[in-house]
Amino acid sequence: MDTGLSDEALEWLVRLHSGRAGEADHAAFDRWRKRSPAHEEAAREAQAIWDGVGLAGSTVRQAERKAQRARVTRRAVLGGGVAAISGVALYGSGVLGPHLFADHVTGIAEQRSIGLPDGSTAFLNAGSALSVDFSESIRALRLFRGQATFTVAHDAARPFVVEADGGQARALGTVFDVDIRPRQVVVTVLEGAVGVSGRTGPAAPVVAHADQRVRYDMRGVVSAIETVDAEMATAWRRGKLIFNRRPLGEVVAEIERYRAGPIVIAGARLRALEVTGVFDLADPDSVLEVMAQTLPVHVTRLPFVTVIR
């Protein structure tokens, strides 16, 4: 398949589904695809990719119509809390999610250290949302999305518990990281120990210590303990992304925190490809460039979406 034709076909579909295309545009695309069998093949492949975009594609198609009807201001969405963005950016940022009611939210490429009432700190990665609910008996936090590293002040009388996607991590005097990924939550311990519990599994929490991590999936099933280099696993705190044979699907979800616009992977086989490398957070697109050079994929940048196929 000619990648130039593939890119051109995708650009046609973006234009036709933008809400601004007229009959002349559709007729022009019909003429384009009839130029040769290769043009027709590119059009069919582009349509298959577009259909696979699913909700993201639907959001793209609706973006222009929504923008024409109304502009949503920062104050209208969150009373001054989080900037509202139209179209795909709005969906991709998760502004429409339950964390609208979070106490602390970070945007794309934004990191922030939050001082907590007990002297503990939460360092939020980009695209994260956290609520804090401290009482006389418990220090309860909820991570709605994203990633955060918690440095916990000692308080034997009040447990420090972070809930994320139905499971929870309970600090036992520690520094630990909670990362909500597309299909699982990863708890990595830098210092001390953490008890991790899911919705299902053993009654007692799985206790991980420094340089160990525990995962639980969306069903709440907790994994066995894994040994890791915790500093490398949390290199985002130092402005780096370090991947060691990470699935492409996870890598894409991570770099989306640092750049505007969704990234769509066309196919489960590609999502499983492994990525290894060290990257600078100041240039998240460098990850895409390395993918295109080292993996059997083609990266296409379009106005509303980046497609990896």
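The values are calculated or read from the model by the stated rules, or taken from the named source; none is laboratory data. Just so it is clear, the model here is predicted, and its values are computed rather than measured. No Cβ is skipped: glycine too gets one built from the backbone with ideal geometry, and neighbour counts run over all protein chains shown. Note: areas computed on protein heavy atoms with side chains; ligands, DNA, RNA excluded. Shrake-Rupley method; radii C 1.70, N 1.55, O 1.52, S 1.80 Å.
How far apart, in nm, are two points set 7 Å out from the Cα along the Cα-to-Cβ line at Leu302 and at Ala193?
Roughly 5.2 nm, to one decimal.
Give me the percent of accessible area attributable to carbon and sulfur for segment 126-202, probe 1.4 angstrom. Write out the running numbers ahead of the final one.
Working: 1370 of 2970 Å².
Its accessible area is 46 percent carbon and sulfur atoms.
Tell me which residues come under 5 Å, amide H to amide H, from Val275 once H is placed; ignore anything under 5 positions away on its chain.
For Val275, whose amide H was placed from the backbone, the distant partners under 5 Å are Arg245, Arg246, Leu248.
In nm, to one decimal, how far is the modelled label at Ser135 from the one at Glu274, with both set 7 Å along Cα→Cβ?
If labels sit at Ser135 and Glu274, their model points lie 4.7 nm apart.
Compute the distance in nm between two label points, each set 7 Å from the Cα along the Cα-to-Cβ direction, one at Glu226 and one at Arg15.
4.5
Ignoring ligands, DNA and RNA, what accessible area per residue does segment 117-248 give at 1.4 Å, in Å²?
On the way: 5720 Å² over 132 residues.
Roughly 43 Å² per residue, with all protein chains present.
Give the long-range amide H neighbours of Leu302: residues separated by 5 or more places, or on another chain, with amide H under 5 Å away, using H modelled in the peptide plane at 1.01 Å from N.
Long-range HN contacts for Leu302: Val307.
Rg/Rh for segment 117-260: what does it come to with C-alpha atoms and Rh from Kirkwood? Present the calculation step by step, with values, prior to reporting the outcome.
Numbers: Rg = 14.3 Å, Rh = 15.2 Å.
Radius of gyration relative to Kirkwood radius: 0.94.
Within segment 168-209, name every residue whose backbone N is under 12 Å away from a label modeled 7 Å from Cα of Leu295 along the Cβ vector.
Label zone hits: none.
What is the calculated FRET efficiency for Ser113 to Glu41, with r their C-beta to C-beta distance and R₀ = 45 Å, to the nearest 0.05? Working shown, then result.
Numbers: r = 52 Å, r/R0 = 1.15.
Efficiency computed from Cβ-Cβ geometry: 0.30.
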